[in-house]
Ligand code: HEM
C-alpha cells in the first residue's frame, strides 16, 4: 500500500477519535507515522494498524475497513475529479473502476498494488462484481462502493455472496440498484 493510504487512515482516526488515538495506534504497532505518499509500505503494517484499532475500540475489523473505504472515496475524488466526470450514475462508474480508473492509476503510479474486478452486467439495475486480491480487502471495496452510491444519490442493496475470508478464490458482490 502506498503511503497516501496510511496518511488517509491517520486523518480518519484523528478526525473520529483524536490525535492521541492515532499516536497510540502508531505506538502499539511500532510505526513512526512518517509515511511518504508515493512510497510503498508493507500491507502487514496496514493490517497491524487495523488490528490495533479493533483492540482499542472493540469495533469489528470488517466494519473498520468498510468505514475506511467510505472515507477514502471522497479523498480519491478530490485528487482525481476526472474519474467522476462523464458518469451520471453508479453502475457506469463501478464498471469504470477496473476498466479505466485502476488502469490509469497503474500508469500514474508504477508498482501500485490494485485488485482485479470482473463484472457480470446483468441489467440496468443489477451489477455483479467479482473481486480478487491477495490483500483480501473486500470490505474496503464495500466501503468504496457505499460512498460511490452516496455520491450518485443511489439507493442499493449489496449481497456479498461469497468471500475470500471464507476460503473462496474471489469475492462476489451482487449489487441491486433501487432508484
Ligand atoms: C476515483 C476513484 C478511485 C481511485 C483514484 C482509486 C485508486 C486506488 C489506489 C491508488 C489504490 C491503491 C493503493 C495502494 O497501493 O496503496 C486503490 C486500491 C483499491 N481500490 Fe481503488 N480507486 C478508486 C475507486 C475505487 C472503487 C470505487 C473501488 C471499489 C469498487 C475500488 C477498489 C479498490 C480496492 C478494494 C483497493 C485495495 C487494494 C486491494 O484490494 O488489493 N477503488 N485504488
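Nothing in this text is a laboratory measurement; each read-out follows from the coordinates by a stated rule. A quick note: this is a predicted structure, and the numbers were derived from the prediction, not measured. Note: ideal-geometry Cβ built from the backbone for every residue, glycine included; neighbour counts use all protein chains shown.
What are the principal axis extents of the Cα atoms in the range 68-177, in Å, biggest first?
Principal axes ranked by extent give 35, 33, 24 Å for the Cα atoms.
Could you put 152, 6 in order, starting from the residue whose Cβ has the fewest other Cβ atoms within 10 Å?
Ordered by Cβ neighbours within 10 Å, fewest first: 152, 6.
Using r as the Cβ-Cβ distance of residue 34 and residue 75, and R0 as 25 Å, what FRET efficiency do you calculate, to the nearest 0.05?
Calculated transfer efficiency: 0.80.
Any idea what angle helix 43-57 forms with the longest principal axis of the chain, computed on alpha-carbon atoms, 0 to 90 degrees, nearest 10?
80
Below 8 Å between Cα atoms, with a sequence gap of 6+, how large is the relative contact order for the chain in percent?
After rounding, I find 20 percent.
On full extension of the chain, what length is gained from residue 99 through residue 116, given 0.36 nm per residue of separation minus the C-alpha to C-alpha distance?
5.1 nm
For helix 138-151, report the angle its Cα long axis makes with the longest principal axis of the Cα atoms of the chain; keep it between 0 and 90° and round to the nearest 10°.
Helix 138-151 sits at roughly 60 degrees to that axis.
Could you tell me how far the Cα centroid of the range 129-179 sits from the Cα centroid of the range 6-50, in Å?
24
How do 29, 132 line up, fewest other C-beta atoms within 10 Å first?
Final ranking by Cβ density, sparse to dense: 132, 29.
Modelling each spin label as a point 7 Å along the Cα-to-Cβ direction, I'd like the residue 155/residue 125 distance in nm, to one decimal.
Going by the 7 Å Cα→Cβ label model, 1.1 nm.
At 0.36 nm per residue, minus the direct Cα-Cα distance, what do residue 176 and residue 54 gain on full extension? Give it in nm, one decimal, please.
Length gained, residue 176 through residue 54: 40.9 nm.
I'd like the orientation of helix 19-29 relative to the chain: the angle between its Cα long axis and the longest Cα principal axis, in ° from 0 to 90, rounded to 10.
Orientation of helix 19-29: about 80 degrees from the principal axis.
Going by C-beta contacts inside 10 Å, put 148, 24 in order with the fewest on the left.
Lowest to highest Cβ neighbour count: 24, 148.
Apply the Debye scattering formula to the range 1-49, with a single equal point scatterer on each alpha-carbon and no solvent, then give log10 I(q)/I(0) at q = 0.19, 0.30 Å⁻¹.
-0.54, -1.23
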